[in-house]
Amino acid sequence: MALVSFSCVIDANAATDKQSDWTLEYKNPQTVIYTRPYIVDRAQLTISAIDNTTSNKIPKTSGFLEVKSEVKINAPLNSVLPYFHGENGCWQWQLKCKSSVILKKINEHHQVVYTVVNMPWPITDRDFVFEAKVSEHSTASAQGLTKKVVISLAPHPNPEQYNKEKSKLVRATSNIVYELTASSDNKTQLNIYMHTDFSGSISPKLINSRLADSLRDDIDALLQLIDGNAGPSA
């Protein structure tokens, strides 16, 4: 798993993540995208509730919005998971990812990952050092056991030990969660929770105005890849 996105997973609409807090930015039959102002205490509660741990680093203040998406994927979980895996290299559907490498492999489910993201000219590219973790869960329901896979990416607690690429990039921080749940009809529910502080002198308004569109482009690319590789219908 090499890239830029916790466990005892709770309902996304629980008290720490009320739907009324979010502003709808985009909706189609498969994808819904929301944003909301960043509030550090609320972000800490939401991330901790999803991950059941405390993020290594959550910025005290940020003008950058939080974003989340709920995506219905017409493919089983086992067919979707390969698009969230890979040793060294960007995930194929993440369009702004320039490079991604594993700096340290702690175990099969915990790695330190260095990622570089393309920014539009004349903005300097950003780099990230992530603690990347994967966890799997099975929950009982009326339909039987439901499998859930959670991929989390949080800022490394000591990123300064990893040199910036040629010292030309701006070090940014991001908390990202990809929550993939198998549904009873052999489909997959993907929920994405994300907050990125791009640092530097970039205007948050510039990023916020493109945030939903950028995530939608990535999701569309993912869905196209999955649809293109789907087998014949039964």
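The values are calculated or read from the model by the stated rules, or taken from the named source; none is laboratory data. These numbers come from a predicted model, not from an experiment. A quick note on method: Cβ atoms are made from the backbone with ideal geometry, for glycine too, and the neighbour counts reach across all protein chains shown. For accessibility, only protein heavy atoms count, side chains too; no ligands or nucleic acids. Shrake-Rupley method; radii C 1.70, N 1.55, O 1.52, S 1.80 Å.
Across the range 221-231, a minimum of one residue is classified as surrounded by fewer than 15 Cβ atoms within 10 Å (Cβ to Cβ) and at pLDDT 90 or above.
Among 215, 180, 211, which is the only one that is farther than 22 Å from residue 120 by Cβ, among the aliphatic types (A, V, I, L, M) and crowded, with 17+ Cβ neighbours inside 10 Å?
180
The condition of being assigned to a helix (DSSP H, G or I), more than 24 Å from residue 28 (Cα to Cα) and at pLDDT 90 or above does not hold for residue 153.
Scanning the range 86-124 for residues that are open to solvent by 20 Å² or more (accessible area, probe 1.4 Å) and of a type in the set (A, V, I, L, M) turns up 95, 101, 102, 103, 106, 117, 119, 123. Annotation: residue 202 fulfils all but one of (1) more than 20 Å from the chain's Cα centre (by Cα); (2) closer than 26 Å to residue 38 by Cα; (3) open to solvent by 30 Å² or more (accessible area, probe 1.4 Å); (4) not small (Gly, Ala, Ser); the unmet one is (3).
Pick from the range 184-198 the residues that are loosely packed, with under 15 Cβ neighbours inside 10 Å and polar (S, T, N, Q): which of them is modelled with the highest pLDDT? Please lay out each step first, then the result.
Keep residues of the range 184-198 that are loosely packed, with under 15 Cβ neighbours inside 10 Å, which gives 184-186.
Those still in the list that are polar (S, T, N, Q) too: 184, 186.
Values: 184: 77, 186: 89.
Filtering the range 184-198 for residues that are loosely packed, with under 15 Cβ neighbours inside 10 Å and polar (S, T, N, Q), the one modelled with the highest pLDDT comes out as 186.
Looking at residue 135, is it assigned to a strand (DSSP E or B), in contact with a Ser or Thr (Cβ under 7 Å, 6 or more places away or on another chain) and either modelled with pLDDT of 95 or more or loosely packed, with under 13 Cβ neighbours inside 10 Å (or both)?
Working: assigned to a strand (DSSP E or B): yes; in contact with a Ser or Thr (Cβ under 7 Å, 6 or more places away or on another chain): yes; either modelled with pLDDT of 95 or more or loosely packed, with under 13 Cβ neighbours inside 10 Å (or both): no.
So residue 135 fails the test.
Scanning the range 71-85 for residues that are open to solvent by 90 Å² or more (accessible area, probe 1.4 Å) and either in contact with a Gly (Cβ under 7 Å, 6 or more places away or on another chain) or in a helix (DSSP H, G or I) (or both) yields a single hit, 78.
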